[in-house]
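A.B. asks: I am attaching a structure below and will ask some questions about it afterwards.
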């Protein structure tokens, strides 16, 4: 699957999720409405309950499809242009305002199409809405929009995997998993920070990790955490897991930085370079903290990966891997590595074989 095909697939999946949330919200609205309406109302108005529910649910599907499509298009083509530097609260309020305007414009277009008899919106609903219903329904739609916007914002902040785990409480009790970890760190970061200044240095890191984020889905990587100028990536190892992805994402990331060297040189006066280490093994995963909750990994695997990363400068290497990771690689991929030493890492008693990536 190519990069663009994968990106299109992920966008389509996001679109379906947004539409699904809107349809679910309107079905919930119908259920709540039906639950508070006395059965005598249907007899008085001459409605058949079954026909009422079928018509309302059909209407919910089409309205949800309209709202979801509208929101997705706004997120793709309008929101990113105006709300990059705003906080979550201000962004939510401004987006809600634009969303409301776009919905009214869309509604006016639908009404005009209905007048021209190109569509028949009267057939979608058994109960014809009045002004009072319109106001309450508008506020309901705004509430749904705010909920979806905040949900997506927290999902992006935490990451898809961690957000899902926190939501359903997977790690309230510690769990043991087998994972691969990559410690990715900028080369000569102290010198770069001194030359660029702390503000430009922060902008540089933002841009670098933004470029890295574009690759995460393609190589099935998760961001465990960002620490200063370092990113820690992880993969959960299961049946059929391909470790080539772990080395491929590093190659793709460094290649991408070189492709954008003119941009980085013009913007920051340098082309950033990164070093990395890879290790794998058993870790304990647990949800920790009360005031600030997060998913944390504990185990010797992370300590070893960090120590190996520190050897990159001494070995003049861009990528170093441990024996635990190297021995699980396919034979063809192993040819890209050579053993450099068996090192006793700082804080450890046993020596660890280290392999250098040699493309």
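The values are calculated or read from the model by the stated rules, or taken from the named source; none is laboratory data. Please read all numbers here as calculations on a predicted model, not as lab measurements. Backbone-built Cβ (ideal geometry, glycine too); neighbour counts: all protein chains shown.
A.B. asks: What residue, of 267, 290, 307, is over 22 Å from the mean Cα position of the chain (by Cα) and under 25 Å from residue 155 (Cα atoms)?
C.D. replies: Matching residue, one of 267, 290, 307: 290.
A.B. asks: Can you pull out every residue in the range 1-19 that is surrounded by 12 or more Cβ atoms within 10 Å (Cβ to Cβ) and either touching a strand residue (DSSP E or B) at 6+ places or on another chain (Cβ under 8 Å) or at pLDDT below 75 (or both)?
C.D. replies: 3, 6, 7, 10
A.B. asks: Which residue out of 284, 254 is more than 22 Å from residue 190 (Cα to Cα) and either touching a strand residue (DSSP E or B) at 6+ places or on another chain (Cβ under 9 Å) or in the same structural domain as residue 165 (by TED's automatic domain parsing) (or both)?
C.D. replies: 284
A.B. asks: Within the range 86-120, restricting attention to residues that are modelled with pLDDT of 65 or more and assigned to a loop (DSSP other than H, G, I, E, B), which residue is surrounded by the fewest Cβ atoms within 10 Å (Cβ to Cβ)?
C.D. replies: Out of the qualifying residues, it is 87.
A.B. asks: Within the range 178-208, how many residues are surrounded by fewer than 17 Cβ atoms within 10 Å (Cβ to Cβ) and in contact with a strand residue (DSSP E or B) (Cβ under 7 Å, 6 or more places away or on another chain)?
C.D. replies: So the answer is 2.
A.B. asks: Kindly indicate the residue of the range 341-359 that is surrounded by fewer than 16 Cβ atoms within 10 Å (Cβ to Cβ) and outside any loop (DSSP other than H, G, I, E, B) and also modelled with the highest pLDDT among those meeting that condition.
C.D. replies: Of everything passing the filter in the range 341-359, 353 is modelled with the highest pLDDT.
A.B. asks: Hey, can you tell me all the residues within the range 64-81 that are under 17 Å from the mean Cα position of the chain (by Cα), crowded, with 18+ Cβ neighbours inside 10 Å and more than 11 Å from residue 15 (Cα to Cα)?
C.D. replies: Hit for the range 64-81 is 79, nothing else.
A.B. asks: Further question: Filter the range 245-284 down to the residues that are under 16 Å from residue 202 (Cα atoms) and either modelled with pLDDT of 95 or more or buried (at least 18 other Cβ atoms within 10 Å of the Cβ) (or both) and list them by number.
C.D. replies: 264, 268, 272, 274
A.B. asks: Can you find a residue in the range 145-160 that is assigned to a strand (DSSP E or B), in contact with a helix residue (DSSP H, G or I) (Cβ under 9 Å, 6 or more places away or on another chain) and surrounded by 13 or more Cβ atoms within 10 Å (Cβ to Cβ)?
C.D. replies: Within the range 145-160, not a single residue is assigned to a strand (DSSP E or B), in contact with a helix residue (DSSP H, G or I) (Cβ under 9 Å, 6 or more places away or on another chain) and surrounded by 13 or more Cβ atoms within 10 Å (Cβ to Cβ).
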